[in-house]
Amino acid sequence: MKKAFVTGVTGQDGAYLAKLLLEEGYEVHGGVRRISQPETTRLDILGITDDVTLHEFDLTEQNNIYRVIRDVEMDEFYNLAAQSFVGASWELPIYTADVDGMAVVRILDTLRTIRPDCRFYQASTSEMFGLVQEVPQSETTRLYPRSPYGVAKVYGHYITMNYRESFDMHASSGILFNHESPLRGKEFVTRKITLGLAALARGGDKPIELGNMDAKRDWGYAADYVKGMWLMLQQDKADDYVLATGVTTTIRDFFTFAGEALGMDLEWSGEAEAETATDRKSGKLVMKVNPKFYRPAEVELLIGDPSKAEKSLGWKADVDIRGLATMMAKSDYDALA
Ligand code: NAP
Ligand code: GDD
């Protein structure tokens, strides 16, 4: 039985990946950082909490990383843990650099020293493309990060590549475009929208306050994307791969699809800070812009070219944007029953 270790196992991707690895017959271990109230909600929802062995694990602590790698003796190491919210990274730039950048070399250097044959996956991101230099973005597109988060992830990406080339380690990076699900964190825009719309559809009257409505993202379904992570570590040679749908959508259109899934008929009016959306059926104001959610530097457009992953891994995103918006909106609506 192969052993896998997943950092960030309590996060969105960690939970879906742990489920997939269990289905594939792995002994699954996961890292959780110490907080005052142990939090395994996502593992509970997927019904796998008792099947995953949890270890106290913090990316900022070198010797803790060393001991976990020594004791677990894993065959595959998936590094999914991160300060993953772009918006917070301007307020926490040094912490973000440490957790999303430096921690990657802490892990790689420990693996190199005591477990060099362990296969390694790094959670790289389309946020590294930032001010995009090419459309669509692929594995060879020049990086131009636009946030402290993006800059930290560029370090993690290049140090993974460097350890692969320097020490012949099986270390791969998945350059993943945005992927969402009913388990998505509540501050990310898709989940913020579906939670807010579900509350409105259940009789609430609080409009959802958002920032830049014109940004475009290539959004897929998280459960599809963790399959790609696993496939990367099953290849004979380590490499870097983009996972994306190849379709891009504005925040406004995602909002419309989610609203339609809950039976709303939205009317959009105004521009920039004066933009609003009203549900023609109920007459309720459902969205207004609040500039507080604008970012100091924005990533306006992301659209990925997943052809390398499709050809080499046989991977493909199955859920399209309407399917995703509908799945998330209905899940949040049902949870309020
Ligand atoms: P998430 O839901 O925010 O999960 C992040 C996980 O990291 C949580 O389990 C969190 O623990 C853990 N963590 C945070 N700081 C830690 C620390 N110092 N030590 C140990 N664990 C720590 O993120 P996600 O959406 O699953 O994303 C997974 C990874 O993929 C992240 O690295 C993210 O940057 C990257 N990524 C995500 C996307 C996307 O669209 N979802 C796209 C590209 C790349 P708590 O539960 O205690 O907070
Ligand atoms: N969060 C949030 N809240 N975003 C908003 C809001 C709002 O109220 N209003 C507009 N947006 C816009 C943001 O400005 C951004 O352009 C877009 O919605 C998406 O924001 P997020 O959902 O926070 O995701 P992200 O694209 O910044 O980052 C996610 O995807 C990256 C991959 O490209 C995260 O999952 C990162 O961890 C991941 O690397």
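Please treat every number below as a calculation from the coordinates, not as lab data. Please read these numbers as outputs of a predicted model, since none were measured by experiment. Quick reminder, even Gly has a Cβ in these numbers, built from the backbone with ideal geometry, and neighbours come from all protein chains shown.
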Checklist line | Under 13 Å, Cβ to Cβ, from Ala103 - net charge with Lys/Arg +1 and Asp/Glu -1 | finding: -2
Next item on the list: Using a cut-off of 13 Å between beta-carbons, work out the net charge of the residues near Asp320 (Lys and Arg +1, Asp and Glu -1, Asp320 not included).
Entry: -3
Check: Expressed in nm², what is the orientationally averaged projection area of the convex hull enclosing the Cα positions of the range 281-337?
Finding: 7.5 nm²
Next item on the list: Using only the alpha-carbon atoms of the range 1-159, report the extent along each of the three principal axes, biggest first, to the nearest angstrom.
Entry: 44, 35, 31
Notebook entry, point to check: What dipole magnitude, in Debye to the nearest 20, does the chain give about its Cα centre under +1 on Lys/Arg Cβ and -1 on Asp/Glu Cβ?
Noted result: 300 debye
Checklist line | Cα→Cβ-extended label distance, 7 Å offset, between Ala335 and Asn162, nm | finding: 4.0 nm
Item checked: Farthest toward positive dipole pole in the chain [+1 Lys/Arg, -1 Asp/Glu at C-beta], among Leu301, Thr41, Thr110 -> Thr41
Notebook entry, point to check: Using the Cβ atoms and a cut-off under 10 Å, what net charge is assigned to the surroundings of Ser126, where Lys and Arg are +1 and Asp and Glu are -1?
Noted result: 0
Margin query: From Cα pairs below 8 angstrom and at least 6 apart in sequence, can you work out the relative contact order of the range 116-255, rounded to a whole percent?
Written below: 28 percent
Margin query: Let's test the formula: R0 of 41 Å, r as the Cβ-Cβ distance of Asp109 and Lys206. What FRET efficiency results, to the nearest 0.05?
Written below: 0.25
Checklist line | Selected from Pro291, Trp219, Leu59, residue furthest toward positive end of dipole (the chain; charges at beta carbon) | finding: Pro291
Item checked: Dipole axis of the chain (+1 Lys, Arg; -1 Asp, Glu on Cβ), positive-most option in Leu233, Ser312, Phe257 -> Phe257
Notebook entry, point to check: Within the set Lys3/Lys330; Lys19/Lys281; Lys227/Lys288; Lys3/Lys237; Lys284/Lys330, which residue pairs have Cα atoms separated by over 29 Å?
Noted result: Lys3/Lys330; Lys19/Lys281; Lys227/Lys288
Check: Taking Cα atoms, how many degrees apart are the long axis of helix 62-72 and the longest axis of the chain, rounded to 10 and kept between 0 and 90?
Finding: 70 degrees
Next item on the list: Treating only the Cβ atoms of Lys and Arg (+1) and Asp and Glu (-1) as charged, compute the dipole magnitude of the range 29-132 about its Cα centre; round to the nearest 20 debye.
Entry: 240 debye
Next item on the list: Return the Rg/Rh value of the range 62-139, two decimal places, where both radii are evaluated on C-alpha atoms and Rh is the Kirkwood radius.
Entry: 1.05
